[in-house]
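Quick note: the coordinates plus some simple rules give every number you see, no bench work behind them. All values reported here derive from a predicted model rather than from experimental measurement. Note: ideal-geometry Cβ built from the backbone for every residue, glycine included; neighbour counts use all protein chains shown.
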Amino acid sequence: MRIRLFIVLVCALGLSSAAQSQALLPDQWCGNTGKSAWLDWYQANKDLIVDQRGVDTSWLYVPMTIHIVGDNSGNGYYPFDYAARAVCEMNDLYHDAHIRFYLVPGDPVRYLNNSSWYKHQYNQGGQMINQNKLPNRLNAFVVEDPAGNCGYAWKDAIVLGKGCSGSGNITWSHEAGHHLSLPHTFLGWEGESWDFSQPAPATIGNGDYPVEMVNGDNCYFSGDGFCDTKPDYLSNRWFCNNNLESNIKQRDPEGIEFRSDATLIMSYASDECSSRFSPEQIEAMRANLYDEHIEYISQPAPFTELDDDLSTTLISPVDSQYVQYNDVTLNWNLVPGASYYVVEVSPVASFSPRVYYQTFFGPVTSTTVTKGLLNNWTMYWRVRAYNEWDICQPYDNAQVGIFKTKNLTSTNNLERVATAELTPNPVAGGTPAVLTVSSDESMDIALQISDAAGRMVFTQHYRLSGGENRLEIPTDGMSAGFYILNLYNEKGAFLKRLVVTE
Ligand SMILES: [Zn+2]
């Protein structure tokens, strides 16, 4: 007989007290306590379940939709590409479990504007989840403040704080572990304080939880109920030593000394220490997917891999071209198989910080940036292509475009000392055009010509003398169309439009 238990709110037990006390615990990490009825059942019947199901190492695929929450005005959204990176890094940590997360094709992200969800207590968090949770997928909500925690798993969803979702954070993996039934390795010790120089009591949590022994005697009914996770009584965040164990020594009820295992994601060791689930934890998560989330793993996953050597080709602006600092149109090529593009602009080649970023869904190949770029600056930009399946695309080979910003439209001093006239215009392709520049003084000047798509087609430096200067512009190789001539130096610029005919 197959016993099917209704899902239990993972942290319902600790909720009321946690909700009252969480404001007093600024270093609180995860809002979960307790153990689900499903896990109790599973741990009691594990051997039977394995007998029936056999050893299964097939890959299990979990669809997700990310809900990015802003305030009432839509401010404060966590960047979608950072959230996708968190899912990508989660996939690294779930690799040994043969569990892979992907984004629901066509429904990877939703945006919610609600200040009382953006920074919330548990009751508003519950409301946020209930009103927005979508069926047949893992729902992840990214907010500014998830009830004073880094994150929590509740009501069949996970809720993550922006500040705990960066690269190298394990919050998403930890909360997904709760979602898939795992308790903390220190189950029962949440909110408890103890003098660890003393032997631990036989039970903890108002007597609800037997305390786990170092010799493993009671490992199946104490702590998290897994025998391959050692005793751990540390319910505040802690740092690890070089052996990836706690600096704090603890004593079990028999007085035997031990240190906690920092490698376990379900512990409270700091993020850089933790990287794994134990084999028994992995078995439980997989069994939980089969029992409580069959709707996740029975869906066909999209399986559209992008080439790892992929680089989105940038069209313009590139090659240090001058552009108007508050009106820059970025153009790139479509990538086969991609369904979204992450565009970034930064004043530094490392792209940190970035002054502009945006994710575009669908076959988008250009965007115009009117805010945020610095004037008189060299800027770097790149475009990374992904799809809902292949969210972990490396971008070591991403092409980086460079452009220089200027205020080309300001009253410029060049006009005070020089005039420029372009003839003939239109000009027949193959016939040179002439830019006649009359200058009051001698000076250096540069000429850049770009086509209508912004591609640079000609660049040249000149030394002007006082009086009339004739700059010949060859049009060989220019196809018919519009071209922009930008004649500039430190004093300012002339912009001219040239029409080349057949
Ligand atoms: Zn937790």
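Numerical summary
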read-out: Over the chain: helical MRE at 222 nm, DSSP H runs n ≥ 4 each giving -39500 (n - 2.57), nearest 500; value: -5000 deg cm²/dmol
read-out: Estimated FRET transfer efficiency (Lys491, Asn397; beta-carbon r; R0 30 Å; 0.05); value: 0.15
read-out: Extension gain from Glu415 to Glu502, taking 0.36 nm per residue of separation minus the Cα-Cα distance; value: 28.1 nm
read-out: Within-13-Å neighbourhood charge of Val369 [Cβ basis; K, R +1; D, E -1]; value: 0
read-out: The chain: Lys pairs at Cα distance under 21 angstrom, eight or more positions apart or on different chains; value: 16
read-out: Label point distance in nm, Trp194-Phe221, each placed 7 Å from Cα along Cα→Cβ; value: 1.8
read-out: Centre separation in Å (Cα based) which lies between segment 216-241 and segment 430-502; value: 73
read-out: Extension reserve of the Gln131-Leu374 stretch, reckoned as 0.36 nm per residue once the Cα distance is removed; value: 83.4 nm
read-out: Relative contact order computed over segment 73-145 (Cα-Cα under 8 Å; 6+ residues apart), in percent; value: 37
read-out: Rel. contact order, % - alpha carbon contacts under 8 angstrom, at least six apart, the chain; value: 11
read-out: Stokes-Einstein D (µm²/s) once Rh is taken as the Kirkwood radius of the chain over alpha-carbon pairs, at 10 °C in 1.306 mPa s; value: 60
read-out: Cα-based shape type of segment 414-501, given that a ≥ b ≥ c are square roots of the gyration tensor eigenvalues and the cut on a/c is 1.5; value: prolate
read-out: Cα long-axis angle, helix 37-53 against the chain (0 to 90 degrees, to the nearest 10); value: 90
read-out: Estimated FRET transfer efficiency when R0 is 22 angstrom, pair Asn206-Asn236 (beta carbons, to 0.05); value: 0.70
read-out: Crossing angle, helix 122-132 versus the chain [Cα axis fit, 0-90 degrees, rounded to tens]; value: 60
read-out: Sites Arg53 and Glu305 - FRET efficiency at Förster radius 25 Å, r taken between beta-carbons, to 0.05; value: 0.30
read-out: Degrees separating the helix 80-93 axis from the principal Cα axis of the chain, which is the longest one; value: 50
read-out: Per-residue Cβ neighbour rank within 10 angstrom, fewest leading, Leu244, Leu103; value: Leu244, Leu103
